[in-house]
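Where a number appears in this text, it was derived from the coordinates with a stated rule and is not lab data. None of these values were measured; they are calculated from a predicted model. Glycine also receives a Cβ, built like all others from the backbone with ideal geometry; neighbour counts cover every protein chain displayed.
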Amino acid sequence: MPLFISKNNIVRRKKGLAIATAQVLYHIGFTAEDINSPSDAISALKSISGNYYTAYGSVRPEELLSIIESEGLDIEELKIRIEKYWRTENNRRKKMEKEKIEQIINDVSESLANIGIVNVKNFDDVLEAYERAVDVMKINDGKSNIEHIKMLRGNEQFIKNLNFKLAEKDYELKTKEELQKFIDSFYQKEKIGGTIEEVIKYKGQGLRVVAEIGTVFLDQTFRTIEKAKNTIMNIIRSEQKKVVKCTHCGKPYTLYSLISGDVAKCSCGAIVRVTESKNPSEYGFDIRFTLNKPREPLSGYSKFLYEIGKHVYNDAILTYSFKSQTQSWDVRKIDKDLLFFGINAIQNTLFPKRFTELLKKDGHAGVVLRTFTDKKDEITGYPIKELRGYFVSFVNYRLVYKQISAQEMAHSNNTDALTGKPLIAERGVVYCGPNGDYLDDNFNKIEWSNENNYHNGS
């Protein structure tokens with residue numbers, strides 16, 4: 001027989017035939033109300049073709065017809081089964097719809113909280129506020145959510161649940177700000193800082209706090225804000241005891257000050273090198289104070305770094321674009337011959353290795369240095385930025401670089417890389433090339449130095 005149902009047990013065989021038939025009819029959209037007799041089932045099966053998978057194997061409608069015509073059909077069992085399948089399907093759809101609505105509430109509440117909305121009165125309020133959030137924040141699935149919200153109009157429970165979620169978001173945001181201010185107050189006194197990554201209201205009571213405090217990662221649930229503050233304070237007190245001494249002069253530093261990059265060079269001149277321990281010690285970091293400059297990771301790297309360093313006054317952003325990776329790094333000048341890359345000491349140690357390994361792998365890269373000066377743009381009030389571009393290559397096992405002209409820099413910075421169309425020019429920018437080659441943000445040649453005022457050369 002085509003179906004793997006009992007041949008010897010008549011009761012089991014009749015039940016199996018009813019189940020298999022019900023699964024085929026349910027699959028093509030028939031309900032229990034459509035099938036009131038074996039002849040109804042036979043007519044339905046005659047109207048279809050193809051193969052259908054059932055709990056008893058794959059079957060064609062004509063095979064079922066043959067068995068039904070010779071052995072009959074338990075119509076009550078068939079109707080019970082079809083009803084069960086539709087009930088299961090309806091429950092599945094309701095669950096999916098509920099999950100979709102919950103997801104929309106989460107998305108919408110987060111977006112509204114980000115633009116300062118803490119309560120909505122009705123669907124018009126929701127749509128107006130969310131459409132504004134979508135426009136401001138460029139939310140990818142915003143249009144889809146808007147259409148779904150329109151379909152939910154009249155569902156007052158949606159408004160109640162959304163307001164409940166908005167109240168939670170408001171509580172989480174205010175609590176996060178309060179805890180961050182609490183940590184910042186310790187940094188001013190104790191020089192131990194941290195960042196509150198996330199605060200989540202926990203099961204209607206208490207809160208879950210995710211944070212990095214000193215060198216400790218915190219992910220813990222608290223009943224009250226005060227208990228969270230007590231734990232944070234205890235962590236900071238313990239961080240004060242994590243002291244590392246310079247191996248050359250004995251000056252003590254907290255581990256946090258070294259890891260965070262607050263200290264990159266000891267007062268005795270020793271350079272601080274921080275790496276994550278491969279065989280973690282008590283703190284999981286390897287700290288070294290060296291009076292010698294670190295070994296050059298690639299011939300020509302130090303020369304390129306010297307070129308970059310000439311144009312970093314305090315803070316800058318360096319962006320490299322390799323074939324396999326594009327990434328931006330914060331850069332700050334520690335002293336006249338020492339640059340610090342990234343936001344902590346581990347990133348600073350990682351930068352030379354990552355940059356040179358990518359260069360060896362891909363062969364060449366574009367590098368853009370965006371330097372912040374102490375001059376202010378007259379219109380925006382923001383610091384004027386110097387933009388320089390370099391083409392870096394791996395040639396004969398060494399790093400070779402060439403600075404591009406100010407005109408090339410201006411063109412690349414104001415052209416859409418995908419379409420080739422011009423972009424709106426950025427204000428307060430000086431495009432810098434080699435040998436006194438400068439253009440202002442209107443692409444006019446100018447005389448410029450960071451020591452002098454920003455002016456047209458005409």
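Observations, loosely collected:
- From largest to smallest, the equivalent ellipsoid semi-axes obtained for the stretch 1-154 from the alpha-carbon gyration tensor read 51, 14, 13 Å.
- Computed helical MRE - 222 nm, the chain, DSSP H runs ≥ 4 contributing -39500 (n - 2.57), nearest 500: -14000 deg cm²/dmol
- Hydrodynamic estimate: the Kirkwood radius of the stretch 301-456 over Cα pairs, inserted into Stokes-Einstein at 37 °C and 0.692 mPa s, corresponds to D of 200 µm²/s.
- Interchain or long-range residues, amide H under 5 Å from G206's placed H: none
- For the stretch 59-124, the set of trypsin sites (Lys or Arg not before Pro) satisfying both a DSSP loop assignment and a count of at most 14 other C-beta atoms within 10 Å is given as K121.
- Taking Cα centre as origin and charging only the Cβ of basic (Lys, Arg, +1) and acidic (Asp, Glu, -1) residues, the dipole magnitude of the chain rounds to 1700 debye.
- Relative to the longest principal axis of the Cα atoms of the chain, the long axis of helix 10-27 lies at roughly 50 degrees.
- Net charge, K95 excluded, C-beta distance under 13 Å - Lys, Arg +1, Asp, Glu -1: +2
- Where Rh is the Kirkwood radius over Cα pairs, Rg/Rh for the stretch 32-105: 1.13
- Positive-end extreme of charge dipole, the chain - chosen from Y26, I82, F182 (charges on Cβ): F182
- Taking the Cα centre of the stretch 17-133 as reference, the dipole from Cβ charges on Lys and Arg (+1) and Asp and Glu (-1) amounts to some 220 debye.
- Alpha carbon centroid spacing (whole Å) that separates the stretch 306-351 from the stretch 10-46: 72
- Whole-number percent relative contact order across the chain, with pairs defined as alpha carbons under 8 Å at least 6 apart: 6
- Across the stretch 312-458, C-alpha contacts under 8 Å between residues 6 or more apart give a mean separation that, scaled by the residue count, equals a relative contact order of 16 percent.
- Computed from Cα positions, the angle between helix 156-190 and the longest principal axis of the chain comes to roughly 30 degrees.
- Straight-line cross-link reach from K242 at under 22 Å between alpha-carbon atoms covers these lysines, not counting any fewer than eight positions away in the same chain: K189, K191, K229, K251, K265, K278.
- The shape of the stretch 323-408 comes out oblate: with a ≥ b ≥ c from the C-alpha gyration tensor, a/c is at least 1.5 while a/b does not beat b/c.
- Between amide H atoms placed 1.01 Å from N, distances below 5 Å from T54 occur with V59, all of them 5 or more places distant or on a separate chain.
- Of every Cα-Cα pair in the chain, the percent that sits beyond 27 Å: 73
- Ranking N91, V134, A316 by Cα position along the charge dipole of the chain, where only Lys, Arg, Asp and Glu carry charges on their C-beta atoms, puts A316 farthest toward the positive end.
- For I334, the residues whose amide H sits under 5 Å from its own are L339, F340, ignoring neighbours fewer than 5 places away on the same chain, with H placed 1.01 Å from N.
- Options I379, G116, T221, ranked by Cα towards positive dipole end of the chain, top entry (Cβ charges): T221
- On Cα atoms only, tilt of 225-240 relative to the major axis of the chain in degrees: 40
- Long-range tail of P(r) for the stretch 1-74 (Cα pairs > 19 Å, %): 25
- Sequence-separation-based contact order of the stretch 76-160, relative, with Cα cut under 8 Å and 6+ spacing, percent: 27
- If both residues of a DSSP beta bridge must be in the chain, then about 95% of such bridges are antiparallel.
- Positive contributions from Lys and Arg (+1) and negative ones from Asp and Glu (-1), summed over other residues with Cβ under 13 Å from the Cβ of Y397, come out at +1.
- Charging the Cβ of each Asp and Glu at -1 and of each Lys and Arg at +1, and nothing else, the dipole of the stretch 301-456 about its Cα centre rounds to 660 debye.
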